Structures are given as C-alpha cells and as structure tokens.
Number of protein chains: 2
Amino acid sequence: MYICPMYSSELVKGTLRTIILKLLSENTKMYGYEITQKVKELTDDEIQLTEGALYPMLHKLEAEGAVETELVNIGKRVRKYYRLTNLGNEEAKEKVSEFLRFMDTMKNVLNHKNSFEPWLS
Amino acid sequence: MYICPMYSSELVKGTLRTIILKLLSENTKMYGYEITQKVKELTDDEIQLTEGALYPMLHKLEAEGAVETELVNIGKRVRKYYRLTNLGNEEAKEKVSEFLRFMDTMKNVLNHKNSFEPWLS
DNA sequence: GATGAATGCATAAGAATATTATGTATGGAT
DNA sequence: ATCCATACATAATATTCTTATGCATTCATC
C-alpha cells in the first residue's frame, strides 16, 4: 500500500468518502481490502487508497450511521463487511451528484476560454 | 468572505493551488482579492475562496518560487500583485493537466456502468 | 459626518483529513 | 523457510482548510 500514487495526493483528498459511499451503493456489501482493490481496478492503478485513511473513514461512517458492519470468518481470519444504511444510501447519491456538479464548475475555471492550452488535447 | 459555500468544503480542498496557478497563467498579474472575485465570477458564486486559505497559499507559492510579487500603491492602500515565474508557469500546466486527468479517472469510479443513477442527468 | 459595506492585506487557533509508519496475523506460493 | 498478498487496526505527524480576528482605506448613503 506504500506505492507512489500517480496523482499528487492533494487532489485525491476530500474524495475518499465519496468513493467509498459510491462503491458501497453498487455492491451491497464490501470489506476494506476489497474496496482498495476495486478502486485500483477502476482507476487502472492511478488511485491507491491508503489503509491509514481508509479504515478511519470506514469507522467514522459507521459511527455516523451511514454504514453497518458484519463480521465474517474466513478460515481463521475475520473479515469485516460494510453495507450502506438507508441514511448512507441517501448520502451516497448526494455526494456523487455533488462531485459531478463540482467537476462541471471546475471546468469553468480550468478550461477557461481566454487561454491557449495545448495540453488539452 | 464568510458566506456558506455551495459545495461541501472537502471537495474544494486540494484544488486551491491549481486554481490560483491557472488564473495567474492567463492574467499576467493578479492580487489576492482579485483572485477571490474572479473565482466567484467564473463559478457563479459556487466556489468562494476564504482568505485564511488563500493568503497562506499565495505566500507558500512565493516561498517556493512559483510566483513573484510586486507592491503597488492604490491611494493610501498597498496592493500586492502576484505573477508566475517560469517555474510557476510550468507547474500551472502540470497541475491543470493533472486535474483534468484526475476528473477522467474519477468518472470511472463515480459514473460506473454497473449502477442505476437517475441523478446523472 | 457617521455608519456600514466593500476593498485589501494578514495571522492564529483549531478541525479535518491525509501520509507515513508500525503492529498483528493468516494463507498461499517458491 | 521465506516472501508476498490478504486483512485488520492505530499512532504520530503533516498538510490544508475553516473560523475568527485584526487592521486600514474607500465609497455610498442617510
């Protein structure tokens, strides 16, 4: 988990909660490690969640009532599954919608017409 | 400057540096207050930079050599203009390009095909 | 000519969130 | 036997932001 990420970390900041909620909204239940792997897969290794950020956020979501947990024994190991509550499902919709809107807004700043930007394809 | 922003603040986090560099890359020189107003204008009031975040970031960019400053007297007030150095101009391109790439990556996570999302248009 | 809003800078205390580092343990492959 | 992947967790630290505050000028308006 200590591999250099493709993006400077500051960009990924603030999106962790949204990412988790979104993934849980389409998978009924997931466990922490599974989430990290799914994000790696979906982003072609460009976003790699760190455990030190992921687990505290999952615990926080649980404390807030956005997710519920279920412990499952896998051999001698205990796997902790998370699933969205109704509250969490509502928040997932809001967060995703808000992020997409935010991206549109940012385009107005970064794609601004009054400049020549050869790096924008 | 203490007006409730449209976006939950965590999303805007991590984009301040990119926003400043981008605006300076198309305006030759700008001062702090002008940047806040330009962002408000470009985002239709949806992103409102706070002074407590803006000024420290400008000072940091200067300390890093990404921007240079020029003090200009306006009546009895002193206005502090910032302009990009060559280094800052390079970073501006990188940051904008990186952010656009990041948005594409996030779409793969948030727009993921395996779900029904009526709120996406 | 007083008063408030806008302009314009700055910093400090605290909160939030991430990185980095570490710890523990199981399971599979070489 | 050793290494890597799986799987959880927490603590110290760093970064970055919010909130609050301070100072001062300029302009409108009452």
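General remarks:
- Any chance B:E68 is surrounded by 12 or more Cβ atoms within 10 Å (Cβ to Cβ) and part of a strand (DSSP E or B): yes
- The set of residues in region A:32-61 that are surrounded by 17 or more Cβ atoms within 10 Å (Cβ to Cβ), more than 11 Å from chain B (Cβ to nearest Cβ) and not aliphatic (A, V, I, L, M) comprises A:G32, A:T36, A:Q48.
- Of the set (1) within 28 Å of B:R17 (Cβ to Cβ); (2) within 12 Å of DNA strand C (Cβ to nearest atom), all apply to A:S97 but (2).
- Which listed residue, of A:K107, A:K76, A:K95, is facing chain B (nearest Cβ under 9 Å), surrounded by fewer than 16 Cβ atoms within 10 Å (Cβ to Cβ) and of a type outside the set (S, T, N, Q): A:K107
- The single condition from (1) within 10 Å of DNA strand C (Cβ to nearest atom); (2) in contact with a Phe, Trp or Tyr (Cβ under 6 Å, 6 or more places away or on another chain); (3) among the basic types (K, R) that B:K40 fails is (2).
- Residue satisfying all of: in region B:38-55; without any contact (Cβ under 8 Å) to a residue 24 or more places away in the chain and more than 13 Å from the chain's Cα centre (by Cα); nearest to A:D104 (Cα to Cα) among these: B:D44
- Filter result (in contact with a helix residue (DSSP H, G or I) (Cβ under 9 Å, 6 or more places away or on another chain), within 14 Å of DNA strand D (Cβ to nearest atom), in a helix (DSSP H, G or I) and among the hydrophobic types (A, V, I, L, M, F, W, C)) within region B:16-65: B:L16, B:I19, B:I20, B:L21, B:I35, B:V39, B:A53, B:L54, B:M57, B:L58, B:L61
Bear in mind that the values in this text are calculations on the coordinates, not laboratory data. In this text the structure is predicted, and so the values were computed from the model without any measurement. Note that each Cβ is placed from the backbone with ideal geometry, even for glycine, and that neighbours are counted across all protein chains shown.
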